[in-house]
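I have placed the structure first, in the form of structure tokens, so that the comments after it can refer back to it.
The values are calculated or read from the model by the stated rules, or taken from the named source; none is laboratory data. All values derive from a computational prediction rather than experimental measurement. When we count neighbours, we look across all protein chains shown, and the Cβ atoms used for this are built from the backbone with ideal geometry, even at glycine.
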Amino acid sequence: MLIGNRFIGLIINVICVLQIIGIVIYLLVAWSSIPDQIPGHFNASGEVNRWDSKSTLFIVPIISFVIFTTMTVIERFPHLWNTGVRVTEENKFRVYGILRGLLISVKLIVVTMFTVLTLIQSLAQELPVWFLPVFITPIMISIVFHIVWLIRAR
């Protein structure tokens, strides 16, 4: 239950906040060198299929911050979670720790994905072919890993 550890969770939260702040600072500092038109949407092949004004670059970091904040608040109320297993006095700390680890790991991956996406957009590049596999695979692995761990812990 390493990732469910409070200290590890704190470190991951700090990394997420630093990424969000860092990408906003990058946008502000690099603003004059960012093209006026940036990719606004990509198709399944990673090709740009809509161009937007560079002012839309702040949308993704805002969404990232909202997701980060929402998941951080949800972490604080484990008794409201649908755990998928029966929670008892004997297993509640173990079950909540596993689910907290799932939330924390997914939160880190999503914030990192949005940070990289904003960087790619600011450079007016197409989405690399590695983008989706690099970010979706760890999310899926994390979900499966934590569900298996949860079933064993009940």
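Summed over the stretch 104-118, residues that are aliphatic (A, V, I, L, M) and either without any contact (Cβ under 8 Å) to a residue 40 or more places away in the chain or more than 15 Å from ILE63 (Cβ to Cβ) (or both) total 6. Only one of the numbered conditions (1) part of a helix (DSSP H, G or I); (2) exposed (fewer than 15 other Cβ atoms within 10 Å of the Cβ); (3) not hydroxyl-bearing (Ser, Thr, Tyr) is violated by GLY101, and that is (2). THR56 passes all but one of (1) out of contact with any strand residue (DSSP E or B) (no Cβ under 9 Å at 6 or more places or on another chain); (2) in a helix (DSSP H, G or I); which number fails? Condition not satisfied by THR56: (1).
Within the stretch 9-47, the residues that satisfy the criterion of being under 16 Å from the mean Cα position of the chain (by Cα), in contact (Cβ under 8 Å) with a residue 24 or more places away in the chain and either more than 12 Å from SER122 (Cα to Cα) or part of a strand (DSSP E or B) (or both) are GLY9, ILE12, ASN13, ILE15, CYS16, VAL17, GLN19, ILE20, GLY22.
Can you tell me which residue within the stretch 50-98, out of those that are without any contact (Cβ under 8 Å) to a residue 24 or more places away in the chain and among the basic types (Lys, Arg), is surrounded by the most Cβ atoms within 10 Å (Cβ to Cβ)? Restricting to residues being without any contact (Cβ under 8 Å) to a residue 24 or more places away in the chain and among the basic types (Lys, Arg), the top hit is LYS92. Restricting the stretch 127-153 to residues that are loosely packed, with under 15 Cβ neighbours inside 10 Å and not aliphatic (A, V, I, L, M) leaves a set whose member that is nearest to the chain's Cα centre (by Cα) is THR137.
The requirement of being modelled with pLDDT of 95 or more and farther than 21 Å from LEU18 by Cβ is satisfied by ILE141.
Here are VAL14, VAL87, VAL73: which of them is closer than 15 Å to THR112 by Cα and either at pLDDT below 90 or of a type in the set (Val, Ile, Thr) (or both)? On inspection, the qualifying residue turns out to be VAL14.
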